[in-house]
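As structure tokens, the structure follows; a few thoughts come after it.
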Amino acid sequence: RNWSEHVSWGANYMKETGKTNFKMFSFPDAKGVFVEVADKAVAGVSNIRERIVQVLATMGTAFSIKEIIAKDGESKVYPMENKGDGVFQADNVDAKADDKYRFVIVDKDNNINIVKDPYAKKQENINGWSSVYDSNNYEWKNTAWLEGKDSRRIVRKPNEPLRGLDKLIIDEVNIPTLTQEGTFEAAKKRIDVIANRGVATAIELMPVENTFSKQWGYDGVDKFAVNEKLGGAVQLKELIDYAHGKGLNVIMDMVPNHMGPDGDYLKQTGPYEAGDGQFGAKLNYEGQDNRYVRDWMTNAALWWANEFKVDG
């Protein structure tokens, strides 16, 4: 796939137009998918199941849902075009950065599922509406590192001035327990300690994908979104940039094999899951309709690597 295909999923905010394109994978046999958008300042949009939508339907033996309407004037509902194979898309929607949105799915049995975005790049509440994410939220400072001009950077295929994997010494860190505050901002002072010791050449961040609480990060349910309790996406970028400035490579840990038990809406979203596992729902990598599930997790890895400029 080309790069535009990788980055086309989710809510893509276009700064030049102030509009947002939405693309998501749902049930291949869904009768319809809608995206509901609310201004970020609107009160009462904390829980994903609040503010139930109105439904227009034809009754009788041929019962079918024709249209989804917002509860009031504080949000708007847009139909998404069925592109086939469970892919639904809506372009040039009036949605700004940080606006709230959720998907309304009408399945083959006319059940209505109200869900968050499996591609949500900002999810302030694991049971809440997703937020439109603006990738232009940070200006990277250590550009020499990113351009391959800093000799402390480690790569798999070394060339001057970059070093090889034989120089890799990892210090694994867990943000919630690294400092008393348990935030990205507070972690900077520990980065100073690690750098000044002069032993480790890299830090490995235990998962920071969105979870119910601050803990070890292995029960994430929003695979693209940074845990807001740790400081959110901008503070994570600042921390990675800061570590690069101290000469430390940054490796990102992620969880591609299961979902956490709290805040998981994937069963209502599409064929993303394949039963329950020891730690939470297993992901549908080998079952029916798995193509876009595989792409979903591949895109998650690419997202962490490219958006947050990690080294591994």
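The values are calculated or read from the model by the stated rules, or taken from the named source; none is laboratory data. Please read all numbers here as calculations on a predicted model, not as lab measurements. Here the Cβ is made from the backbone with ideal geometry for all residues, glycine too, and neighbour counts use every protein chain on show. Accessible surface areas use protein heavy atoms only, side chains included; no ligands, DNA or RNA. Shrake-Rupley method; radii C 1.70, N 1.55, O 1.52, S 1.80 Å.
For region 238-245, does any single residue satisfy the condition of being open to solvent by 30 Å² or more (accessible area, probe 1.4 Å) and part of a loop (DSSP other than H, G, I, E, B)? Please lay out each step first, then the result.
First, pick out the residues of region 238-245 that are open to solvent by 30 Å² or more (accessible area, probe 1.4 Å): 238, 242, 245.
Then keep just the ones that are part of a loop (DSSP other than H, G, I, E, B); that gives none.
No, there is no match, as no residue in region 238-245 is open to solvent by 30 Å² or more (accessible area, probe 1.4 Å) and part of a loop (DSSP other than H, G, I, E, B).
If you scan region 101-123, which residues turn out to be in contact with a Ser or Thr (Cβ under 6 Å, 6 or more places away or on another chain) and either within 15 Å of ALA225 (Cα to Cα) or open to solvent by 10 Å² or more (accessible area, probe 1.4 Å) (or both)?
Within region 101-123, the first condition is being in contact with a Ser or Thr (Cβ under 6 Å, 6 or more places away or on another chain), and the residues that meet it are 101, 105, 115-118, 120, 122-123.
Hits for region 101-123 are TYR101, LYS116, ASP117, PRO118, ALA120, LYS122, GLN123.
Tell me, which residue of region 69-80 that is of a type outside the set (S, T, N, Q) and outside any loop (DSSP other than H, G, I, E, B) is modelled with the lowest pLDDT? Steps first, please.
Within region 69-80, the first condition is being of a type outside the set (S, T, N, Q), and the residues that meet it are 69-74, 76-80.
Next cut, outside any loop (DSSP other than H, G, I, E, B) only: 69, 76-79.
Numbers: ILE69: 84, LYS76: 90, VAL77: 91, TYR78: 93, PRO79: 93.
The selected residue is ILE69.
Take GLU185 and decide whether it is closer than 30 Å to ASP117 by Cα, open to solvent by 50 Å² or more (accessible area, probe 1.4 Å) and either without any contact (Cβ under 8 Å) to a residue 60 or more places away in the chain or of a type in the set (Lys, Arg) (or both).
Numbers: closer than 30 Å to ASP117 by Cα: yes; open to solvent by 50 Å² or more (accessible area, probe 1.4 Å): yes; either without any contact (Cβ under 8 Å) to a residue 60 or more places away in the chain or of a type in the set (Lys, Arg) (or both): yes.
Considered against the rule, which asks whether it is closer than 30 Å to ASP117 by Cα, open to solvent by 50 Å² or more (accessible area, probe 1.4 Å) and either without any contact (Cβ under 8 Å) to a residue 60 or more places away in the chain or of a type in the set (Lys, Arg) (or both), GLU185 comes out as yes.
Every residue, every condition in (1) modelled with pLDDT under 75; (2) part of a loop (DSSP other than H, G, I, E, B), yes or no:
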position: THR20; (1), (2): no, no
position: LYS23; (1), (2): no, no
position: PRO28; (1), (2): no, yes
position: VAL35; (1), (2): no, no
position: SER46; (1), (2): yes, yes
position: LEU56; (1), (2): yes, no
position: GLY60; (1), (2): yes, yes
position: GLU67; (1), (2): no, no
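Specify the residue that is modelled with the lowest pLDDT; the eligible residues are those in region 173-213 that are in contact with an Asp or Glu (Cβ under 9 Å, 6 or more places away or on another chain), of a type outside the set (A, V, I, L, M) and not in a loop (DSSP other than H, G, I, E, B).
ASN210
Of the conditions (1) in contact with a Lys or Arg (Cβ under 7 Å, 6 or more places away or on another chain); (2) among the charged types (D, E, K, R); (3) surrounded by fewer than 16 Cβ atoms within 10 Å (Cβ to Cβ), LYS229 clears all except one; give me its number.
All conditions pass for LYS229, except number (3).
Give the residues of region 260-286 that are in a loop (DSSP other than H, G, I, E, B) and buried (at least 18 other Cβ atoms within 10 Å of the Cβ), sorted by residue number. Please lay out each step first, then the result.
Looking only at region 260-286, we keep the residues that are in a loop (DSSP other than H, G, I, E, B), and these are 260-265, 270-272, 277-280, 284-286.
The answer is GLY260, GLY263, ASP264, TYR265, GLY270, PRO271, TYR272, GLY280, ASN284.
Could you grab me the full set of residues in region 156-182 that are without any contact (Cβ under 8 Å) to a residue 12 or more places away in the chain and open to solvent by less than 70 Å² (accessible area, probe 1.4 Å)?
GLY164, THR179
If we scan region 205-213, do we find a residue that is surrounded by 12 or more Cβ atoms within 10 Å (Cβ to Cβ) and of a type in the set (Gly, Ala, Ser)?
At the first step, the residues of region 205-213 found to be surrounded by 12 or more Cβ atoms within 10 Å (Cβ to Cβ) are 205-212.
Then keep just the ones that are of a type in the set (Gly, Ala, Ser); that gives none.
Checked region 205-213: no residue is surrounded by 12 or more Cβ atoms within 10 Å (Cβ to Cβ) and of a type in the set (Gly, Ala, Ser).
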